[in-house]
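Only the coordinates and a few stated rules stand behind these numbers; no lab work does. Given the structure is predicted, the values throughout are model-derived calculations rather than measurements. So basically every Cβ, Gly included, is an ideal-geometry build from the backbone, and we count neighbours across all protein chains shown.
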Amino acid sequence: MIVLYARKSVERENSISCETQIEYCKMMMKPEERGEKVEIFVDNGFSGGNINRDGFQNMMKLVRQGKVSKVIVYKLDRISRSLSDFMNILQEFKEHKVEFVSSQESFDTSSPYGELIVKILMVFAEFERTSIINRVTQAYAHRSEMGFYMGGRRPYGFELVPAIIHNVKTKKLNPIPAEAEQVRYIFEVYAQETMSLRRLQDLLIAEGKQPVNESHWTTAKLSTLLRNPIYVRADSDIYDYYDRHGTQITTDLSLFTGEYGAQLYGHTKHDSANSDWSDMKLVLLTHPGLVGSDIWLKCQRKLEKNRQITNSYSNPTSWLAGKVICEQCGHTMTTIKGKPTQSGEVRRYFNCTGKSHKKICPGPQGSVYAEDLENMVDECIAEKLADLKQTGHHSRNVERGEINDLKLKIKAIEQQEKQLLDTMLTGGFNDALLTIANQKATQLKQDRLTLYARMEELSSRKEETDVVINLANSWQTADYQRKKAVAMIVIHKILIRKDGSIQIIWNL
Ligand SMILES: [Zn+2]
């Protein structure tokens with residue numbers, strides 16, 4: 001019996017198909033073998049790295065039963081890419097008097113010389129295989145070019161274990177099950193709508209869920225933990241989140257697959273409770289994150305809201321500072337902190353400096369609370385920007401329509417120019433025709449250039465419109481600094497009248 005064996009490799013995508021290999025094998029059959037029984041074995045999509053392949057094993061069964069006289073393959077490495085495996089198989093073939101033929105390499109297994117050649121060939125094959133493995137490993141290493149642990153204290157929930165990543169001695173984060181479980185719990189509970197840091201702290205104490213080997217949870221510790229991206233399974237939403245905050249992200253977006261945690265590092269002049277991470281960097285690490293990005297982001301939104309409230313109590317200034325004027329005396333109104341109420345709440349309000357510093361003005365009636373004024377102005381600006389956005393969208397559509405119109409007109413002129421040329425070429429060049437044609441051509445060229453100029457003007461205006469449209473969107477998410485910057489531009493002043501009513505004078 002003659003056996004034809006084919007294996008399609010997994011190592012290379014566009015390797016030769018099994019069908020083609022069998023065709024090559026058939027060509028190796030001698031005319032006198034045509035009448036013999038032929039058995040075909042095929043292993044599709046298998047690696048040559050091992051011999052645990054169905055087709056191959058079935059073939060070897062027949063060999064061991066002494067039923068096979070000849071094995072034909074397309075290439076030696078179809079049998080095995082491992083030299084030792086190959087030599088063993090060759091030995092078995094020999095024992096069972098099996099002739100072995102390859103369509104691509106010519107050799108005679110019965111001579112010592114042939115055997116030597118086989119060995120050399122296999123060394124090359126093995127070398128090739130090793131280099132394939134190298135390439136695959138390299139590609140993987142490149143793909144997984146995530147970061148090393150950038151140092152710092154051990155984050156709760158993990159232990160630091162020595163590791164070698166890309167030949168560099170470093171440390172890797174390993175989850176500690178009991179602590180990791182607690183971290184997940186903290187995120188899940190805090191993500192709930194009505195949960196505050198204070199209540200979370202109380203809850204953890206009440207449930208006896210205290211940090212392992214550490215003193216008890218405080219709101220500060222919980223806040224730090226909840227803000228740490230080391231716990232999130234970072235996906236594109238997380239990338240987006242930090243990107244929006246101006247953080248430099250050192251890992252490629254394509255690696256944010258929702259599996260691994262990330263680390264924020266680098267120096268910041270701001271305190272860690274601030275959400276300005278523009279001078280910080282984010283790197284994806286190699287440890288699996290503990291919580292999903294949706295829960296993590298929900299927690300960030302809550303923390304940010306919290307922080308805004310805290311800031312408005314602790315920070316006596318307002319993003320409207322310098323713009324608020326007392327109408328009666330014309331002096332600037334500045335924010336000061338009021339006395340704490342019974343519930344301990346401290347509110348900021350605008351105070352006339354003509355009243356407090358110079359004693360020349362009674363000041364407006366009632367209290368002008370900073371938060372109320374800020375909220376009101378915030379809404380007014382949002383409305384203004386929405387209006388702009390609307391007209392922006394409208395004029396963008398108009399511009400788009402006109403640009404299209406111009407393109408059509410230019411096309412028409414180009415056609416006329418071409419027709420004119422055709423007429424001249426077919427009708428011959430007499431002087432009169434040439435003069436008319438010349439005039440016409442000059443006119444058409446003039447028209448075309450005018451249209452081009454108009455189109456350029458429209459295109460640049462369209463860019464400006466795009467900026468305005470984007471501005472409206474970013475106001476919604478603007479932080480204190482950005483709000484202040486926008487307020488400086490769009491508001492001329494805010495007058496507080498005697499009766500406490502408000503008038504905004506716009507720069508728009
Ligand atoms: Zn005043």
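For the reader, a short list of remarks on this structure follows.
- Inter-part distance where region 314-368 and region 13-69 are each reduced to a Cα centre, Å: 92 Å
- Using the Karplus relation 6.51 cos²θ - 1.76 cosθ + 1.60 with θ = phi - 60°, the per-residue 3J(HN,Hα) values for region 320-330 come to 9, 3, x, 9, 8, 10, 7, 5, 5, 10, x Hz, with x marking Gly and Pro.
- Our estimate of slack between residue 159 and residue 376, defined as 0.36 nm per intervening residue step minus the Cα-Cα distance, is 73.2 nm.
- Charge tally for residue 408 (other residues, Cβ to Cβ under 12 Å; Lys, Arg +1; Asp, Glu -1): 0.
- Computing FRET efficiency as 1/(1 + (r/R0)^6) for residue 383 and residue 212, where r is the C-beta to C-beta distance and R0 is 45 Å, gives about 0.30.
- Taking a straight Cα-Cα cut-off under 23 Å and skipping sequence neighbours fewer than 8 places away in the same chain, the lysines within cross-link reach of residue 26 are 8, 37, 61, 67, 70, 75, 94, 97.
- Remark on residue 261: its backbone amide H falls under 5 Å from those of 234, 285, 287, 289, a criterion applied only to residues 5 or more positions apart or on other chains, H modelled at 1.01 Å from N.
- Projected label points at residue 445 and residue 336, each 7 Å from Cα along the beta carbon direction, are separated by 7.6 nanometres.
- Listed values for region 492-507 are Karplus-derived 3J(HN,Hα) couplings in whole Hz (6.51 cos²θ - 1.76 cosθ + 1.60, θ = phi - 60°), namely 7, 7, 10, 8, 9, 7, 4, 7, x, 6, 10, 10, 9, 9, 8, 8, and x replaces Gly and Pro.
- Sequence ranges 500-506, 233-239, ranked by mean other-Cβ count within 10 angstrom, highest first: 233-239, 500-506
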